[in-house]
1. Can you name the residue in segment 128-178 that is among the charged types (D, E, K, R) and within 19 Å of M73 (Cα to Cα) and, of all such residues, is nearest to the chain's Cα centre (by Cα)?
2. How about segment 85-104: which of its residues are more than 21 Å from V63 (Cβ to Cβ) and either within 14 Å of the ligand (Cβ to nearest atom) or surrounded by fewer than 14 Cβ atoms within 10 Å (Cβ to Cβ) (or both)?
3. What are the residues in segment 122-138 that are hydrophobic (A, V, I, L, M, F, W, C) and either surrounded by fewer than 14 Cβ atoms within 10 Å (Cβ to Cβ) or closer than 19 Å to P62 by Cα (or both), if any?
4. Just for segment 105-121: of the residues that are away from the ligand (no atom under 13 Å from the Cβ) and under 21 Å from T70 (Cα atoms), which one is surrounded by the fewest Cβ atoms within 10 Å (Cβ to Cβ)?
5. List every residue pair whose Cβ atoms lie under 6 Å apart, where the two residues are 6 or more positions apart in sequence or sit on different chains, the first residue falls within segment 123-147 and is closer than 13 Å to G111 by Cα and outside the structural domain of H109 (by TED's automatic domain parsing), and the second residue, located anywhere, is assigned to a loop (DSSP other than H, G, I, E, B) and more than 8 Å from the ligand (Cβ to nearest atom).
6. Take the residues in segment 139-163 that are surrounded by 13 or more Cβ atoms within 10 Å (Cβ to Cβ) and of a type in the set (S, T, Y); name whichever of them is nearest to V90 (Cα to Cα).
Amino acid sequence: MANSGPHRRGFLNFLADMLMSVIALIVAVPVIGYILAPLRRKTESAEGAATFLDAGPIADFPVGQWRLATLEMIQEDGWKKTRVRHSVWVRRQGETAQAIAVLSTICPHLGCPINWHPDQSQFVCPCHGGVFSAEGSHISGPPPRSMDSLEFEVREGRLWVRWQDFKIGVAERILVSV
Ligand code: FES
């Protein structure tokens with residue numbers, strides 16, 4: 001009986017520690033969830049970045065000409081939201097969706113914006129003189145591959161383009177995560 005005091009005190013201390021741990025866990029889980037929420041949102045946004053973006057009415061693209069179109073998206077980084085614009089080259093050769101071509105303006109060499117030169121019927125990169133055909137195929141200069149074509153859909157008379165970034169400086173088309 002003389003030894004039961006310290007034993008009981010030890011047991012009560014153990015119970016108190018366990019109780020405090022459980023309470024700390026209950027408080028910590030929502031706090032950690034709140035802190036990590038932006039990271040989760042960023043991941044969702046990265047997946048969303050691969051969704052289709054509105055490039056405007058099809059009728060705005062004259063048949064047989066390359067036209068620059070702007071895609072707008074909201075990029076989330078933690079709590080910060082940024083409006084990001086991307087440019088794409090669009091040409092339609094007829095009334096059907098099969099007659100449409102969409103190319104990224106980003107040069108696959110080092111990422112400069114590629115220009116269309118109607119007088120030469122060629123795309124030319126102003127940075128190091130990369131030249132591409134009217135279909136976007138590589139003709140000459142340092143770019144290691146042709147211009148990157150982008151997926152698109154036509155919905156109710158509007159063009160929707162799936163914006164994607166590809167690795168620059170390499171011959172293969174490798175998707176870069178956003
Ligand atoms: S970045 Fe286009 S040719 Fe170098």
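1. Looking at the filtered set, the residue picked out is D165.
2. R85, S104
3. Once the filter is applied, which keeps residues that are hydrophobic (A, V, I, L, M, F, W, C) and either surrounded by fewer than 14 Cβ atoms within 10 Å (Cβ to Cβ) or closer than 19 Å to P62 by Cα (or both), segment 122-138 yields F123, A134.
4. Step one: list which residues in segment 105-121 are away from the ligand (no atom under 13 Å from the Cβ), which gives 116-121.
Add one more test, that the residue is under 21 Å from T70 (Cα atoms), and what stays is 116-118.
Working: W116: 19, H117: 12, P118: 9.
Applying the filter and picking the extreme gives P118.
5. From residues that are closer than 13 Å to G111 by Cα and outside the structural domain of H109 (by TED's automatic domain parsing), there are no pairs.
6. S149
The values are calculated or read from the model by the stated rules, or taken from the named source; none is laboratory data. Note that the structure is predicted; figures quoted are calculated from it, not measured. For neighbour counting, all protein chains shown are included, and Cβ atoms are generated from backbone atoms with ideal geometry for every residue, glycine included.
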